[in-house]
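Only one structure is covered here, and it is reproduced in the block below.
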Amino acid sequence: MNREAVRTQSNTPRAPMRRRKEQLKGRLELLRMLMVLLGSLVILLGLLLLVLPAFRVKNIVVEGNQYYNAEEIIAGAQIAVGDELLALDANAAAKRVTDACPYIRNVQITSRSLFTICIKVEENANLMYTSFNDSYVVLDANFRVLAQVDTTEELSSMLYVELPPIAALSVGGTIHFVEADMNMDYVGILLSKMAEKGILSQVSSVDFSKKYQVSYVMNRTCRIELGRVSELDTKMALVHEILESKGGLSDCAVVDVSSTVKPTYRVVSAADLLLR
């Protein structure tokens, strides 16, 4: 009995010692794993620091532009061949494009590959310009003023429009007309119909100044007098028929279709067309 008690007492401390050894061994193994992982991360970071600068812009593609050429948009973005691709801030570059090119309303800059950047732009549709206080203002179809310039040198590809009397305007804001409650929907209706008929590119100027005496000039040789912006399909079909019968737009002429019952055609001088 006494021998067994002595044997039990002598064996009791060994179990905690074994547990402590096992715990220490587990900690050492975990520490070794952490050291291996940390070493691997350091090596990976070093490789990235060596490899990532090698990814540089080799090609810049511009899409969606019509008014601005690719060189102007790339210059606005301030992106150049040779720039580090991964250091590019796309949002900042897009903001620089819209600041430099006011006729662009949306820009998306993405990577097409490890070496190619794509700048996709959305320009304002139906850009127009009109005269105001010895200057010229560029506006969109919603009469939002995009720019104000002193000459028409950079506006030659845009549509010139005469508008009702303007009370005030500011760049970035909308035009305020003297007749504040005037419904200007007829402007958008006519421009949309011209685009639908495929003739908008042939139109150099439109006189919207009087709502019921609207007219436009085609190819700088023929003024079309519409009167009201109504029955546009019929009126434009009449214009086409009349011009075909007269041999096209070879002479300066006025085609009056304000009355679809009695349309008229008359040859005039270039000065009578009020060309711009």
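The values are calculated or read from the model by the stated rules, or taken from the named source; none is laboratory data. Fair warning: this is a prediction, and the values are worked out from it, not measured in the lab. Quick reminder, even Gly has a Cβ in these numbers, built from the backbone with ideal geometry, and neighbours come from all protein chains shown. Just the protein is used for accessible areas: all its heavy atoms, side chains included, with ligands, DNA and RNA removed. Shrake-Rupley method; radii C 1.70, N 1.55, O 1.52, S 1.80 Å.
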Which of the trypsin sites (Lys or Arg not before Pro) found in the stretch 208-273 are in a DSSP loop and have at most 14 neighbouring Cβ atoms, other than their own, within 10 Å?
Lys210, Arg228
Alpha-carbon spread of the stretch 70-116, three principal axes, descending order, Å
30, 17, 15
Take the Cα atoms of the stretch 135-276, find their three principal axes, and give me the spread along each one in whole Å, biggest first.
46, 33, 25
Output needed: percent of Cα pairs per 10 Å distance bin for the stretch 133-177, bins running from 0 to the one holding the longest distance.
25, 64, 11
Calculate the spin-label point distance for Ser111 paired with Gln202, positioning each point 7 Å from the Cα along the beta-carbon direction, and give it in nanometres.
4.9 nm
Rg over Rh, two decimals, the chain (C-alpha only, Kirkwood Rh)
1.48
Work out the FRET efficiency for Ala70 and Asn142 from their Cβ-Cβ distance, taking R0 = 30 Å, and round it to the nearest 0.05.
0.65
What's the ranking of 183-189, 138-144 by average number of surrounding C-beta atoms within 10 Å, highest first?
138-144, 183-189
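Could you check how much of the accessible area of the stretch 160-250 is carbon and sulfur, as a whole percent, using a 1.4 Å probe? Display every interim value, and only then the final one.
Details: 2210 of 4570 Å².
That share works out to 48 percent.
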Tell me the label-point distance for the pair Asp251, Val178, using the 7 Å Cα-to-Cβ offset, in nm and rounded to one decimal.
3.7 nm
Vicinal HN-Hα couplings computed from phi for the stretch 146-153 (Karplus, 6.51 cos²θ - 1.76 cosθ + 1.60; Hz; Gly/Pro x)
9, 6, 10, 10, 8, 10, 9, 4
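Rounded to the nearest whole Å², what accessible area per residue is found for the stretch 201-276 with the 1.4 Å probe?
The answer is 53 Å² per residue.
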